[in-house]
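Below is one structure, written out as structure tokens; the observations come after it.
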């Protein structure tokens, strides 16, 4: 798919983004380095666009103003599956669409007073992300169980549990 083409989001993609709400947005800084920033306001605007609110995102907005190309990853941390969305961002500070997006957030219960701008991303490519664990033949339920077990045990660890043995 070329860079000018649109990638319509599937029902599975839309459901995943709306369920997770957390997306990792990659941009390029003015010095050419990649930057990744989590966005908890990520949602689907329509079948061709994702959107997120700029609440405390001055660097992300600055980077997108200079270079609107972006990639957004949304992953379910327990099943280790998700999607990679590539597209072009438009930063909106005012206008009809800006206020429509704010109304959507407000209708969903968000406090919109801290929103500085909204970022609309035209998705040009959407690809699945799947953990290598599935290559070993694990089912989704098995992967979920393994990661839930890992996180339950990780919470019980102390700093001593994290120190490698002296003969390591």
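Per-structure values
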{"item": "Considering residues of segment 20-54 that are touching a helix residue (DSSP H, G or I) at 6+ places or on another chain (Cβ under 9 Å) and not in a strand (DSSP E or B) only, the residue farthest from residue 111 (Cα to Cα)", "result": "30"}
{"item": "Segment 58-94 - residue that is in a loop (DSSP other than H, G, I, E, B) and at pLDDT 95 or above and, of those, nearest to the chain's Cα centre (by Cα)", "result": "68"}
{"item": "Residues (in contact with a helix residue (DSSP H, G or I) (Cβ under 6 Å, 6 or more places away or on another chain) and within 13 Å of residue 18 (Cα to Cα)) located in segment 71-81", "result": "74"}
{"item": "Qualifying positions in segment 123-150 - at pLDDT 95 or above and crowded, with 17+ Cβ neighbours inside 10 Å", "result": "123, 124, 126"}
{"item": "Test set (1) closer than 25 Å to residue 15 by Cβ; (2) part of a strand (DSSP E or B) - residue 109 fails condition number", "result": "(2)"}
{"item": "Residue that is surrounded by the most Cβ atoms within 10 Å (Cβ to Cβ) [pool: residues in segment 92-116 that are in contact with a helix residue (DSSP H, G or I) (Cβ under 6 Å, 6 or more places away or on another chain) and within 24 Å of residue 19 (Cα to Cα)]", "result": "105"}
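The values are calculated or read from the model by the stated rules, or taken from the named source; none is laboratory data. Given the structure is predicted, the values throughout are model-derived calculations rather than measurements. Counting neighbours? That spans all protein chains shown, and the Cβs are built from the backbone with ideal geometry, glycine included.
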